[in-house]
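The values are calculated or read from the model by the stated rules, or taken from the named source; none is laboratory data. Everything numeric in this text was worked out from a predicted model, so none of it was measured. When we count neighbours, we look across all protein chains shown, and the Cβ atoms used for this are built from the backbone with ideal geometry, even at glycine.
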Amino acid sequence: MFVARGVTSGHKDLIHDVAFDFYGTRMATCSSDQTVRIWELHGEASTTANWSCTASWKAHSGSVWKVTWSNPEFGQVIATCSFDRSAAVWQEVVGKANVGGGASTTHWVRRTTLVDSRASVTDIKFAPHHLGLVLATCSGDGFVRIYEAPDIMNLTQWSLQYEIKVKMPLSCISWNPTYPRQFAPMIAVASDDSTQDVPKVMIYEYDENLRRWVHSESLKNICDPVNDISFAANLGRSYHLLGVAGKDLKVVSLEPQSDEEEDQGQRAHGIKVKTIAECCDHNSTVWRVAWNVTGTILASSGDDGCVRLWKGNYMGNWRCVTVLRSDGTLATDKLASAAAVSESIPDGGFLDQQFMKLGAIAGLK
Amino acid sequence: MGLQTLAFDISGSQVVVTRPNSSELGQLSLKHFADEPFMRNFIVSSAEVFVLAQKQFKSCYPDPVPQTTITALSQMYRGIILELVQNLKDVGDLETASLYSNLDFVWNFCEIIFLSSNPDLPVLPYLIDWVRINFDQSSKILPEVQQELPDLGQQCIDKVWKLIYTHVFHGRTREAAKLLPFVNPRHGNSNSNGTGSSASLKNKIDLMTELLEKKPRYNPRTGSFTDFESSWESWREECVNRLDQRVFYGNEQLTFICHVLCGNDEGFIEARSKNLLTWYEYLVMLINYRFPVVRPSALKGYARKVVTEFGLGDSLEPRDIILFHAMEYDIVNVLKEIQTVWNNPWYSIHFVDLIFAGGKFSEVTDVRIDYSSVPPLRAHFIIDYGTTIMEHKPIWQIGVPYFEALEEPLRRQLIGKCIERINPKTEMEAQKLVQIAGKFNLADELHGICRKVAVDKLQCGQMQNALLWAIKAGDNPLTTHIVDQILFEGDCQIEPSLLESLRNAIPCSDRLVFLSGFCDFRKLMDKHDYPNAVGKLCQLIKEDMIPKRIHHKIIQHLITLAEKNVKFRANETTILMEFVHMQVGLSKITPEDFTRLNVLLVCNRAQEILTMFNNKPFKQ
């Protein structure tokens with residue numbers, strides 16, 4: 001069902017993050033060795049493809065925690081964040097083609113360093129591209145910072161647009177990638193703090209009238225430390241789906257309650273929160289969550305060394321459809337055994353039959 | 001932080017994961033079903049039928065698509081599955097062939113229950129067809145018989161008897177009748193029991209043939225089932241009479257057949273004991289000879305009894321579980337079970353789409369199907385299947401017609417989301433994406449795609465191409481940026497075709513308008529049409545479009561003009577002087593050039609004044 005291969009990363013220390021670009025043909029890794037590496041896929045993205053490292057540089061003076069790609073319409077741009085309390089934006093630049101007619105070389109250039117944080121910057125994510133070239137960071141000092149590059153042709157100029165104080169050391173952040181103009185911009189941010197009975201996931205929305213980010217909701221039933229969160233693309237639903245990785249995997253639905261009443265210019269915003277799935281299959285801490293492009297598949301990784309893929313049926317029930325072990329072995333998959341349907345039709349089961357060919361039905365074309 | 005976490009990312013069917021306690025990465029490539037043998041063709045063919053089904057749905061709307069059309073579409077899908085089965089068998093992959101063969105078996109049954117039969121009418125004819133398709137051994141046995149003609153050995157005759165029995169079990173009595181002559185050994189044949197017996201055997205065979213050929217058949221489209229019921233009753237009475245009259249006495253086989261035709265226990269028990277029947281065939285035999293007018297919804301009761309008799313009750317195979325769900329009209333569980341066996345939404349989407357198009361269950365009351373579940377089921381599977389297809393880069397275009405079958409706004413959102421993830425490798429692919437974005441009014445995505453291509457071209461140094469795409473994106477900053485690069489770093493050469501596009505395109509950037517004008521100016525210079533060139537230049541200056549960085553180039557052109565002793569008109573001189581003195585200034589040009597230009601312009605102006613003065617009538 002799947003092919004597993006090892007890739008020698010060349011990093012000298014633990015790798016903290018790995019991120020595909022939009023197309024899945026490039027990849028970035030970052031590590032405690034303070035470097036970032038860029039990888040390129042050769043061959044068709046199938047079981048025979050190979051990754052090779054095309055760039056490597058020292059990005060920070062501390063462990064690099066996360067790396068993320070911008071939308072390709074802004075060019076080849078990544079952002080990193082680090083224990084050294086800074087975040088940085090990098091852009092790939094093409095050098096002049098060699099005189100001998102060889103391929104032009106590329107290298108990555110630091111465009112800006114964001115140094116507003118007083119503590120380790122734990123996550124960094126680009127906003128959906130319809131909001132422009134916008135970045136959000138979250139850090140151990142409990143702040144969410146939102147930056148914008150007003151001139152997308154000049155990535156050296158970024159301005160800090162908003163600073164949101166959350167009062168808890170933060171571990172992860174996620175933008176709601178939802179289709180524009182239907183919902184207000186929304187961010188979820190979470191903490192891995194271990195204080196009991198305190199909600200760890202907070203939802204913020206941008207209020208057009210007040211021109212600032214407003215706290216909409218704290219998820220009251222998630223009080224254990226959260227390691228990762230991720231919004232699914234919201235396609236055709238009236239509610240958003242948020243994957244939360246903590247002591248287990250949760251899928252939470254957030255349904256904005258649109259209030260038609262305008263009470264003295266203030267619009268009452270409510271969000272109905274419902275935990276629609278609680279999955280303990282990892283049987284251990286869940287570290288990361290990621291959605292596929294249409295929000296139909298959720299992937300999670302856990303301390304059991306597995307990556308699990310989850311699919312929701314049309315009733316909204318989630319079940320694990322694939323289990324991948326990072327060491328390359330296939331975990332016993334109940335589906336694999338079910339696929340072997342034993343043959344009880346006697347020998348006449350498959351016969352040479354006249355099957356109907358396409359186009360032979362009159363009156364349909 | 002500081003602990004080793006298992007970080008990963010997923011893109012389509014690729015997963016990359018960090019490995020515990022190491023600086024290695026694991027690369028996991030899930031096998032996409034489209035990469036399996038013969039699947040590409042399978043997927044493309046199914047998409048064609050799906051598109052056909054959507055066309056039918058649209059043209060019949062708001063009426064449901066007629067049952068005959070739905071059935072025909074269903075048979076097309078089955079044809080595709082069977083072609084796949086054949087291909088797999090041809091290369092020796094019998095296990096996978098078996099999987100798909102089972103799927104066809106199940107699809108066929110579901111087609112009967114959900115699509116082709118009428119819940120108020122007997123289901124028998126469809127069942128007869130179903131077992132015929134799946135259990136008819138004729139094509140295997142008949143050639144063997146052919147070979148041995150005209151003298152059939154005993155072994156061969158036994159095979160023929162088995163085939164006759166099967167036909168009878170299936171209810172295909174006429175086919176059985178056709179085979180009867182073969183079991184009568186020829187006169188004088190050493191294998192016969194003597195001349196006398198074969199004559200009496202022939203007599204019995206004739207009688208049996210008569211019975212077999214008279215079995216009433218029911219056509220659900222044309223026949224009345226009450227007529228069928230009564231003719232069946234009289235036929236059965238005749239069979240019973242024959243049995244009572246013991247006309248087949250002495251011949252085991254024919255007596256056995258008669259028992260079966262009468263539908264009595266003795267016949268059925270013996271049929272079971274002969275081990276020639278699967279429970280499916282037994283069920284059909286039961287219906288044929290005991291309950292011929294049974295409706296689809298009553299099948300499950302009989303099926304349960306049969307399955308228990310066969311000792312399968314406790315451990316039903318997935319295939320049978322699916323059939324039972326179908327007999328309950330429980331489409332949700334049918335699809336769920338199929339999904340467990342074959343983790344692929346192919347079956348679900350294509351089948352539920354046909355139910356959706358047929359829409360007949362909205363009228364049926366005694367059937368427990370919950371029609372309200374069909375549209376959301378269909379949407380769910382379209383999204384599932386469409387996403388799977390669009391994630392597979394070589395065939396992504398096939399996903400589009402599936403999403404197209406959804407309602408708005410889901411249709412646009414899904415198509416938009418998916419095409420954003422396609423990296424166009426060729427100009428043609430980029431155009432295709434643009435075309436799709438245009439077709440579905442995906443303005444944001446269109447902008448994004450064009451911009452992305454423009455940026456790519458820019459990185460490769462293909463300025464002209466990049467400019468075209470930036471204009472297509474309607475992106476002002478990017479267009480300006482590219483034009484600047486062309487003006488400042490390039491030699492300002494623009495291809496004629498691009499120039500045409502520039503003129504026709506709605507200018508999304510002032511810089512673009514300037515570039516267009518500047519190219520016109522250059523063209524006029526090249527043609528040595530200096531008076532018009534100067535006019536054009538002055539127009540550009542007047543409109544205040546000239547970027548500062550290009551001033552030195554303009555000066556160069558002016559110097560060229562000076563060297564050609566071009567005459568400027570009055571207002572032109574003023575404009576040019578202002579330009580040279582005020583806008584450009586001494587900082588940008590060498591003193592010599594400045595002097596030369598100045599002198600030229602002043603002389604020109606003086607000349608003008610003189611000419612004007614000379615031409616003016618002298619006023620006293």
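Which condition breaks for residue A:37 when tested against (1) under 19 Å from the mean Cα position of the chain (by Cα); (2) within 9 Å of chain B (Cβ to nearest Cβ)?
For residue A:37, the failing item is (2).
How many residues are more than 23 Å from residue B:512 (Cβ to Cβ), of a type in the set (S, T, N, Q) and part of a helix (DSSP H, G or I) if we restrict to the range B:524-580?
Looking only at that region, the number is 4.
Give me the helices (runs of 4 or more DSSP H) completely within the range B:96-178, filtered to those with at least 3 residues that are in contact (Cβ under 8 Å) with a residue 24 or more places away in the chain, ordered by residue number.
Numbers: elements: B:124-135, B:138-148, B:154-170.
So the answer is B:124-135, B:154-170.
So residue A:137 clears everything in (1) assigned to a strand (DSSP E or B); (2) surrounded by fewer than 18 Cβ atoms within 10 Å (Cβ to Cβ) except one condition, right? Which one?
(2)
Would you point out the residue of the range B:380-435, among those that are in a helix (DSSP H, G or I) and among the acidic types (Asp, Glu), that is surrounded by the most Cβ atoms within 10 Å (Cβ to Cβ)? Write out each step before concluding.
The initial filter retains those residues of the range B:380-435 that are in a helix (DSSP H, G or I), namely B:380-390, B:393-404, B:410-419, B:427-435.
This time we only want the ones that are among the acidic types (Asp, Glu), so: B:384, B:404, B:427, B:429.
Details: B:384: 24, B:404: 19, B:427: 12, B:429: 16.
Across the range B:380-435, the extreme among qualifying residues is B:384.
Residues of the range B:507-520 being part of a helix (DSSP H, G or I) and in contact (Cβ under 8 Å) with a residue 24 or more places away in the chain, which ones?
Filtering the range B:507-520 for residues part of a helix (DSSP H, G or I) gives B:510-520.
Correct list: B:510, B:511, B:512, B:513, B:514, B:515, B:517, B:518, B:519.
Out of B:248, B:291, B:225, I need the residue that is free of Cβ contacts under 8 Å to residues at least 12 places away in the same chain, of a type in the set (A, V, I, L, M, F, W, C) and surrounded by 15 or more Cβ atoms within 10 Å (Cβ to Cβ). Which one? Don't jump to the end; show me each part of the working.
On the way: B:248 fails: free of Cβ contacts under 8 Å to residues at least 12 places away in the same chain; B:225 fails: free of Cβ contacts under 8 Å to residues at least 12 places away in the same chain.
So the residue among B:248, B:291, B:225 that is free of Cβ contacts under 8 Å to residues at least 12 places away in the same chain, of a type in the set (A, V, I, L, M, F, W, C) and surrounded by 15 or more Cβ atoms within 10 Å (Cβ to Cβ) is B:291.
Can you tell me which residue is farthest from residue A:236 (Cα to Cα) among those in the range A:174-221 that are buried (at least 16 other Cβ atoms within 10 Å of the Cβ) and hydroxyl-bearing (Ser, Thr, Tyr)?
Filtering first and then ranking leaves A:191.
Acidic (Asp, Glu), crowded, with 18+ Cβ neighbours inside 10 Å and at the interface with chain A (Cβ under 10 Å from one of its Cβ atoms) - does that describe any residue in the range B:110-119? Show your work before the answer.
Going residue by residue through the range B:110-119, those that are acidic (Asp, Glu) are B:111.
Filter once more, so that each one left must be crowded, with 18+ Cβ neighbours inside 10 Å: B:111.
From the residues that got through so far, the ones that are at the interface with chain A (Cβ under 10 Å from one of its Cβ atoms) too are none.
There is no residue in the range B:110-119 that is acidic (Asp, Glu), crowded, with 18+ Cβ neighbours inside 10 Å and at the interface with chain A (Cβ under 10 Å from one of its Cβ atoms).
Tell me, which residue of the range B:504-536 that is within 28 Å of residue B:469 (Cα to Cα) and aliphatic (A, V, I, L, M) is modelled with the lowest pLDDT?
B:506
Matching residues to (1) more than 23 Å from residue A:19 (Cα to Cα); (2) facing chain B (nearest Cβ under 10 Å):
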{"position": "A:275", "(1), (2)": "yes, no"}
{"position": "A:279", "(1), (2)": "yes, no"}
{"position": "A:285", "(1), (2)": "no, yes"}
{"position": "A:294", "(1), (2)": "no, yes"}
{"position": "A:298", "(1), (2)": "no, yes"}
{"position": "A:309", "(1), (2)": "no, yes"}
{"position": "A:313", "(1), (2)": "yes, yes"}
{"position": "A:325", "(1), (2)": "no, yes"}
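Tally the residues that are within 7 Å of chain A (Cβ to nearest Cβ), among the charged types (D, E, K, R) and within 15 Å of residue A:130 (Cβ to Cβ), restricting the search to the range B:421-464.
Total satisfying the criteria: 3.
How about the range B:1-23: which of its residues are surrounded by 19 or more Cβ atoms within 10 Å (Cβ to Cβ) and farther than 18 Å from residue A:293 by Cα?
B:5, B:6, B:7, B:17, B:18, B:19
Do the conditions hold for residue B:494, that is, is it in contact with a Cys (Cβ under 9 Å, 6 or more places away or on another chain), in a helix (DSSP H, G or I) and at pLDDT below 85?
Values: in contact with a Cys (Cβ under 9 Å, 6 or more places away or on another chain): yes; in a helix (DSSP H, G or I): no; at pLDDT below 85: yes.
Taking the combined requirement at face value, the residue does not satisfy it.
Go through (1) more than 9 Å from chain A (Cβ to nearest Cβ); (2) surrounded by 22 or more Cβ atoms within 10 Å (Cβ to Cβ) and name the single condition residue B:63 misses.
Of everything listed in (1) more than 9 Å from chain A (Cβ to nearest Cβ); (2) surrounded by 22 or more Cβ atoms within 10 Å (Cβ to Cβ), residue B:63 misses just condition (2).
Can you tell me how many residues in the range A:18-77 are within 18 Å of residue B:22 (Cα to Cα), surrounded by fewer than 20 Cβ atoms within 10 Å (Cβ to Cβ) and either basic (Lys, Arg) or touching a Pro at 6+ places or on another chain (Cβ under 6 Å) (or both)?
Result for the range A:18-77: 0.
Look at residue A:4 and say whether it is farther than 24 Å from residue B:418 by Cβ, more than 10 Å from chain B (Cβ to nearest Cβ), in a strand (DSSP E or B) and of a type in the set (A, V, I, L, M, F, W, C).
Working: farther than 24 Å from residue B:418 by Cβ: yes; more than 10 Å from chain B (Cβ to nearest Cβ): no; in a strand (DSSP E or B): yes; of a type in the set (A, V, I, L, M, F, W, C): yes.
In short, no.
Suppose we filter A:93, A:109, A:115, A:99 for residues that are surrounded by fewer than 20 Cβ atoms within 10 Å (Cβ to Cβ), at pLDDT below 95, under 28 Å from residue A:160 (Cβ atoms) and more than 7 Å from every other protein chain (Cβ to nearest Cβ); which single one remains?
Working: A:109 fails: at pLDDT below 95; A:115 fails: at pLDDT below 95; A:99 fails: under 28 Å from residue A:160 (Cβ atoms).
One residue alone meets the criteria, A:93.
So that you can scan it fast, the table gives a plain yes or no per residue for (1) of a type in the set (A, V, I, L, M, F, W, C); (2) out of contact with any Leu (no Cβ under 8 Å at 6 or more places or on another chain); (3) touching a residue at least 60 places away in the same chain (Cβ under 8 Å):
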| site | (1), (2), (3) |
| --- | --- |
| A:6 | no, no, yes |
| A:24 | no, no, no |
| A:57 | yes, yes, no |
| A:66 | no, yes, no |
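Of the residues that make up the range B:9-21, is at least one within 30 Å of residue A:225 (Cα to Cα), facing another protein chain (nearest Cβ under 7 Å), at pLDDT below 85 and in a loop (DSSP other than H, G, I, E, B)?
Scanning the range B:9-21, I find at least one residue that is within 30 Å of residue A:225 (Cα to Cα), facing another protein chain (nearest Cβ under 7 Å), at pLDDT below 85 and in a loop (DSSP other than H, G, I, E, B), so the answer is yes.
Check whether at least one residue in the range A:69-83 is part of a loop (DSSP other than H, G, I, E, B), touching a residue at least 12 places away in the same chain (Cβ under 8 Å), closer than 22 Å to residue A:155 by Cβ and more than 10 Å from chain B (Cβ to nearest Cβ), and report yes or no. Working first, answer last.
First, pick out the residues of the range A:69-83 that are part of a loop (DSSP other than H, G, I, E, B): A:70-71, A:75-76, A:83.
Filter once more, keeping what is touching a residue at least 12 places away in the same chain (Cβ under 8 Å): A:70-71, A:75-76, A:83.
Subsequent filtering for residues that are closer than 22 Å to residue A:155 by Cβ retains A:70-71, A:75-76.
Right, trim to more than 10 Å from chain B (Cβ to nearest Cβ) and you get A:70.
For the range A:69-83, residues part of a loop (DSSP other than H, G, I, E, B), touching a residue at least 12 places away in the same chain (Cβ under 8 Å), closer than 22 Å to residue A:155 by Cβ and more than 10 Å from chain B (Cβ to nearest Cβ): present.
Please work out if residue B:29 is under 19 Å from the mean Cα position of the chain (by Cα), hydroxyl-bearing (Ser, Thr, Tyr) and either crowded, with 17+ Cβ neighbours inside 10 Å or not in a helix (DSSP H, G or I) (or both). Give the steps one after another, and end with the answer.
On the way: under 19 Å from the mean Cα position of the chain (by Cα): no; hydroxyl-bearing (Ser, Thr, Tyr): yes; either crowded, with 17+ Cβ neighbours inside 10 Å or not in a helix (DSSP H, G or I) (or both): yes.
No: the conditions fail for residue B:29.
Quick test for you: out of B:46, B:74, pick the one residue that is more than 7 Å from chain A (Cβ to nearest Cβ), in contact with an Asp or Glu (Cβ under 7 Å, 6 or more places away or on another chain) and either crowded, with 19+ Cβ neighbours inside 10 Å or not basic (Lys, Arg) (or both). If you could, list the steps in order and put the result at the bottom.
Details: B:46 fails: in contact with an Asp or Glu (Cβ under 7 Å, 6 or more places away or on another chain).
On inspection, the qualifying residue turns out to be B:74.
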